[in-house]
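Structure, as structure tokens:
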Amino acid sequence: MAKVLLDGTFSSHPVHNAFFHVVLIENRGLCYKKLKSPPPPLLSSGTCELAQLVDSNQYDQYECLEANDIVGCQCMRDPIPSQQLLQEKSLTSSGSDSAEPNVEVSGTGQSAPIPHVAYFCVYSYPLRKQLFSKCMRRKRISVTFSVDSNDNFGDNLKVAQTWCSAIRCMLHGGAQAVSAPSSNGDSECQNGVTEKIPCQVCPLQRKLLVLVNPHSGPGKALRIFQERIVPVLAEAEVSYDLIVTDKAKFAQEHVRSANLNRWTGIVIVSGDGLVYEVINGLMEQIGRAHV
């Protein structure tokens, strides 16, 4: 049996005349299947309702983004290419501020968005076998769905936010029950959910300490971080504090004296030398047992 958290029908982007049945399944992920014909008007693009336990075999023919491979989900008004969105976000962020969910972007030179339509995009990195090789490598996959069941952008955005919130809670281990808007848009709770479904609070946002040795790579560590890691962190809406080391044992001294409760993890972009420095700094922490 499978527990379906959310169920809806949406058109895809950029092909708006293609409709998909989309389900969010607990402990499995986001599954979707292209419909052979457009759905009835009352069911098209955005009706989300909490489903009951169902036979998991009925979704065997669906494409699925596995929960373990999904890194994040974002809502937006203008579905510009996500890599361009991430580049703009990285240019306007110092790296120490929290990533902003529910992004709205305009003036990018792309075609003008439909005024009342909202979008939500899911980012996934499943393992795929490389061509002519036995090695497995993660490949980036993103899917974008359009929400246009209402004539008002605010109502469509609420539907998109419901899906994004449910996906984030599932990823962070905080969603046992999902709050969903009613089909007629009525709401009893302040956060726009129906009274029948308990409201859920997602876990706190994660924040990382990133330590980069600019001489590692050789000399490419900082560029590798900016080009390969920053886009993934932006998609996952994970904020970070970036520190570029400038001398030997700098990382060790910083980790030893820092209040590590500010971060949920440490990312090291370097060779094994910086790894040893961080481990030594952790062992020298007064509260190392807690760390």
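Could you calculate the contour length gain from Arg140 to Arg128, that is, 0.36 nm times the residue separation minus the distance between their Cα atoms, to one decimal place in nm?
3.3 nm
Straight-line reach from Lys33: which lysines have a Cα under 22 Å away, not including same-chain ones fewer than 8 places off?
In chain and number order, the partners are Lys3, Lys139.
Using mean Cβ contacts within 10 Å as the protection proxy, how do 124-135, 151-162, 61-72 order, highest first?
Highest to lowest by the protection proxy: 151-162, 61-72, 124-135.
How big is the accessible area of Val244 in square angstrom, nearest 10, if you roll a 1.4 angstrom probe over the protein chains?
Rounded to the nearest 10, the figure is 60 Å².
The values are calculated or read from the model by the stated rules, or taken from the named source; none is laboratory data. Please read these numbers as outputs of a predicted model, since none were measured by experiment. Here Cβ is always computed from backbone atoms with ideal geometry, including for glycine, and neighbour counts include all displayed protein chains. Surface accessibility is based on the protein's heavy atoms, side chains included, excluding ligands, DNA and RNA. Shrake-Rupley method; radii C 1.70, N 1.55, O 1.52, S 1.80 Å.
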